[in-house]
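Everything on this sheet refers to the single structure shown next.
The values are calculated or read from the model by the stated rules, or taken from the named source; none is laboratory data. Predicted model only: the values in this text are computed from it and were never measured. Backbone-built Cβ (ideal geometry, glycine too); neighbour counts: all protein chains shown. Accessible surface areas use protein heavy atoms only, side chains included; no ligands, DNA or RNA. Shrake-Rupley method; radii C 1.70, N 1.55, O 1.52, S 1.80 Å.
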Amino acid sequence: MSNNIYDITIIGGGPIGMFAGMYAGLRNAKFQIIESLSELGGQVNALYPEKTLLDIPAYPRLTGRQLVDNLHQQLDNMDGDIKLNQTVINVEKENHLFKITTNQEITETKSIIIAVGNGAFTPRKLNADGTDEFEGDQLVYTAKNLDDFKDKNVLVAGGGDSAIDQALMLEDVAKQVYLLHRRNEFRGLEHMVDLLKKSSVKLVTPYLIKKLSVANDNQVRVHAKKMRTDDEFIDLDVDKILVNYGFISNNKDMQGWDLDLDEDHHATKVGPTLETNMHNVYAVGDQAKYDGKQTIIATGFGEVPIVINAIMNDLYPDNHAPIHSTQLS
Ligand SMILES: Cc1cc2nc3c(=O)[nH]c(=O)nc-3n(C[C@H](O)[C@H](O)[C@H](O)COP(=O)(O)OP(=O)(O)OC[C@H]3O[C@@H](n4cnc5c(N)ncnc54)[C@H](O)[C@@H]3O)c2cc1C
């Protein structure tokens, strides 16, 4: 074990963990961020770097990649340890310190911020005959690079926010975008559903993909069944399929950390300052659960200063927390 004792250990280097690192730096805290993937940026970087985000305050539009780049610029100004490719597998309290065990090392810390999102995530797969043959090339679960879709006929499958966003994102680059969903209604933000209806995206509803096979000109034939019918099918030949059926997440490691998790054992219950049931262990971002919680980036950003200042007040009560002009009157 190294002699380095951190003030704050941030578990998870998604957008909220990155911002937490930056804010810890502003308070001169000695901090580390531990991230299991090879890059920071969490879901934004891994799942939707090309998507345009419309709900980041003060940025009318920016892509996921730009958001992560901006967070990097802020974080890189600070003097913390960023540990990639390390997964935290255990957390134990020993006297007044916490022992953090990863797959590579053990470190000690005075406080912890859990910013693990929903844990490790993998896309929910398409369950249709022939899927294996096309996966990875013509059938993908994330749009990593818009150029891959340029001038192509693309079928987006799914009916949630993310499927709508991806269909609209591809509209500008693809030759034709189809959006296939098993219901006639879409579960997106009203504004985005309105944009979809006005767009050139062709809606294919209510259909479910049953089979994929090889078509002419190196295309994929999508064989889809109309819902609530026995024998009504359509065939659609496309160049690419982007499936958006959501993600399966896994935070099984956390279940041994003595945290009070919600009924699904998915997110961590927190109090008004986002402290968990353990003193000096906090949760932020998608991992923090309280009444009315919205799991979006803006909410997580807002949680960060509350947590960092609560920790620093506890660790260093003689240091003055930052006072802003609004608090002076
Ligand atoms: C397709 C899609 C579109 C979205 N669109 C929007 C949008 O338009 N606007 C918006 O505000 N939000 C959007 N969201 C939600 C947004 O991405 C999340 O709210 C945000 O990513 C939460 O950030 P986070 O840092 O809490 O968690 P995450 O982004 O999930 O990051 C958590 C990180 O922790 C790491 N980790 C997990 N377990 C461990 C461990 N044991 N040890 C070390 N590291 C670990 C993970 O590898 C991951 O990198 C979207 C989500 C998806 C899936």
Quick calc: nm separation of the 7 Å Cα→Cβ label points for D79 and E133 -> 6.0
Hits in the stretch 174-198: amide N under 20 Å from the 7 Å Cα→Cβ extension of D148, namely 174-180
Percent of all Cα-Cα pairs per 10 Å bin for the stretch 168-323, counting from 0 up to the last occupied bin, reads 9, 24, 22, 19, 17, 8, 3, 0
Here the relative contact order (percent) of the chain, from C-alpha pairs under 8 Å and at least 6 apart, is 18
Calc'd 3J(HN,Hα), the stretch 153-162, phi into Karplus 6.51 cos²θ - 1.76 cosθ + 1.60 (θ = phi - 60°), Hz, glycine/Pro = x, comes to 8, 10, 10, 9, 10, x, x, x, 3, 5
Looks like the stretch 122-194, by Cα gyration tensor root eigenvalues a ≥ b ≥ c and the a/c under 1.5 rounded cutoff (else prolate when a/b is bigger than b/c, oblate otherwise), is oblate
Taking protein heavy atoms only, a 1.4 Å probe, and rounding to whole percent, the accessible area of the chain owed to carbon and sulfur comes out at 46
Helix 15-26: inclination vs the chain longest Cα principal axis, degrees, rounded to 10, gives 30
Here the convex hull volume per residue of the stretch 273-316, taken over Cα atoms and given in Å³, is 58
Residue span L62 to D172: 0.36 nm per residue of separation minus Cα-Cα distance leaves a gain in nm of 38.1 nm
Charge tally for neighbours of S36 with beta carbon under 12 Å away, counting Lys, Arg as +1 and Asp, Glu as -1, is -2
In this structure, among K211/K289; K110/K289; K210/K293, pairs with alpha-carbon gaps over 28 Å are K211/K289; K210/K293
Note on the stretch 125-243: contact order normalised by length, alpha-carbon pairs under 8 Å, 6 or more apart, percent, works out to 31
Sequence order, the stretch 77-85: Karplus ³J(HN,Hα) from phi using 6.51 cos²θ - 1.76 cosθ + 1.60, θ = phi - 60°, Hz rounded, Gly and Pro as x, gives 6, 9, 9, x, 9, 10, 10, 9, 6
Sequence order, the stretch 219-236: Karplus ³J(HN,Hα) from phi using 6.51 cos²θ - 1.76 cosθ + 1.60, θ = phi - 60°, Hz rounded, Gly and Pro as x, gives 8, 9, 8, 9, 9, 10, 9, 6, 5, 6, 10, 8, 9, 9, 10, 10, 10, 10
Restricted to the stretch 22-175, the DSSP antiparallel beta bridge percent, nearest 5, is 75
Within the chain, the percent of DSSP beta bridges that are antiparallel, given to the nearest 5, stands at 50
The correct pair for the stretch 125-243, radius of gyration to one decimal and Dmax as a whole number, both in Å and from Cα atoms, is 13.4, 39
In terms of the alpha carbon gyration tensor, root eigenvalues a ≥ b ≥ c, rounded if a/c is under 1.5 and otherwise prolate when a/b exceeds b/c or oblate, the stretch 15-69 is oblate
Counting only DSSP beta bridges with both partners in the stretch 125-243, the antiparallel fraction in percent, to the nearest 5, comes to 45
For the chain, the Debye formula with one identical point scatterer on each Cα and no solvent gives log10 I(q)/I(0) at q = 0.07, 0.08, 0.11, 0.13 Å⁻¹ as -0.35, -0.45, -0.77, -0.98
